[in-house]
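The values are calculated or read from the model by the stated rules, or taken from the named source; none is laboratory data. Predicted model, so just to flag it, every value in this text is computed and none were measured. Cβ atoms come from the backbone with ideal geometry, glycine included; neighbour counts cover every protein chain shown.
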């Protein structure tokens, strides 16, 4: 069952992160960092990585550093997105946002520390990948996290508030804000599997589409979900005048677009047969999720 698999995978990543942080010198930022990355969250990006790893017969041990790094990047972005100067959200994962719990300055620094921790985790000498592959993973993660990825997407998201934007502008923004990290998830698996540049790019494009699907599902949840299940405020997109495909198209057309996108992703994975079954199940879950 997908929920059990998500919980099992999340526990593995949490354990890895706790042990990794234990080996480092203690600091005042450890608590807000742990609060932001370890407590709660589906860690669905890690499950996507592990599911894709099964396609290429890659052990979890060879992918867990990548999973942990991705969760650090994702959590850094959430901590910063919740700040008063950005989306100003006070609840995240069913608990007070990091800046509410620890103060704004600590939240900014904890988020920045999680960003850099991601690269420490990949470059760790105990992570037994060759240097060329590590460098490729680090370079790709950096480009997916900065101004050409998550950060650039968040900037567009803020600038698009209360403005009428075209379909391609919204898709571009959401692919940066959400899709790029999913792009990295599948691209990195291809790199660990020593696939060709063409295959890695193909995998990355599937990941980017999965990220767009995830964002659409998130928008549906914001529109119709409950704060208890979602773990964060709902109906906030309308209040803030966010540019979303849901607001542009309306619910029926947006869901049809999302369903067609899901079918397109699944068609691309058909060639992997039974080995792609877990990834297929996770993609099915993404669109229909209630939390």
Exercise for the section: Specify which of the listed residues (176, 242, 180) is surrounded by 15 or more Cβ atoms within 10 Å (Cβ to Cβ), in a loop (DSSP other than H, G, I, E, B) and in contact (Cβ under 8 Å) with a residue 24 or more places away in the chain. Expected result: 242
Exercise for the section: State yes or no: is residue 198 modelled with pLDDT under 95 and surrounded by fewer than 19 Cβ atoms within 10 Å (Cβ to Cβ)? Expected result: no
Problem - Filter result (assigned to a helix (DSSP H, G or I) and touching a residue at least 60 places away in the same chain (Cβ under 8 Å)) within region 191-201 - result: 192
Exercise for the section: Could you list all residues from region 1-25 that are surrounded by fewer than 16 Cβ atoms within 10 Å (Cβ to Cβ) and under 14 Å from residue 114 (Cα atoms)? Expected result: 18, 24
Practice task
Please indicate, with yes or no, whether at least one residue in region 12-19 is closer than 19 Å to residue 145 by Cβ and either assigned to a helix (DSSP H, G or I) or in contact (Cβ under 8 Å) with a residue 60 or more places away in the chain (or both).
Solution key: yes
Practice task
Determine which member of the set 125, 163 is surrounded by fewer than 15 Cβ atoms within 10 Å (Cβ to Cβ), out of contact with any helix residue (DSSP H, G or I) (no Cβ under 9 Å at 6 or more places or on another chain) and either on the phi > 0 side of the Ramachandran plot or touching a residue at least 24 places away in the same chain (Cβ under 8 Å) (or both).
Solution key: 163
Exercise for the section: Determine whether residue 62 is modelled with pLDDT of 95 or more, surrounded by fewer than 23 Cβ atoms within 10 Å (Cβ to Cβ), within 25 Å of residue 187 (Cα to Cα) and touching a helix residue (DSSP H, G or I) at 6+ places or on another chain (Cβ under 7 Å). Expected result: yes
Practice task
Taking residue 221 as the residue in question, decide whether it is at pLDDT below 95, over 18 Å from the mean Cα position of the chain (by Cα) and either over 26 Å from residue 62 (Cβ atoms) or part of a loop (DSSP other than H, G, I, E, B) (or both).
Solution key: no
Practice task
Filter region 31-44 down to the residues that are in contact with a helix residue (DSSP H, G or I) (Cβ under 6 Å, 6 or more places away or on another chain) and either crowded, with 24+ Cβ neighbours inside 10 Å or without any contact (Cβ under 8 Å) to a residue 40 or more places away in the chain (or both), then identify the one that is nearest to residue 265 (Cα to Cα).
Solution key: 43
Exercise for the section: Test each condition in (1) within 26 Å of residue 161 (Cβ to Cβ); (2) more than 17 Å from the chain's Cα centre (by Cα); (3) in contact (Cβ under 8 Å) with a residue 24 or more places away in the chain for residue 92 and report the one that comes out false. Expected result: (2)
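Could you run through region 24-56 and say how many residues are outside any helix (DSSP H, G or I) and either closer than 22 Å to residue 111 by Cα or at pLDDT below 95 (or both)? Explain how you work it out, then say what you get.
To start, the set of residues in region 24-56 that are outside any helix (DSSP H, G or I) comprises 24-29, 38-43, 56.
Okay, now just the ones that are also either closer than 22 Å to residue 111 by Cα or at pLDDT below 95 (or both), so 24-29, 38-43.
Matching residues across region 24-56 total 12.
Could you tell me how many of the residues in region 245-291 are assigned to a helix (DSSP H, G or I) and over 14 Å from residue 215 (Cβ atoms)?
Residues that pass the stated criteria total 28.
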Handout entry: Tally, over region 94-128, of residues that are farther than 14 Å from residue 68 by Cβ and either at pLDDT below 95 or not in a helix (DSSP H, G or I) (or both)
Key = 7
Problem - Sole residue being surrounded by 15 or more Cβ atoms within 10 Å (Cβ to Cβ), closer than 30 Å to residue 156 by Cα and touching a helix residue (DSSP H, G or I) at 6+ places or on another chain (Cβ under 9 Å), chosen from 253, 275, 262 - result: 262
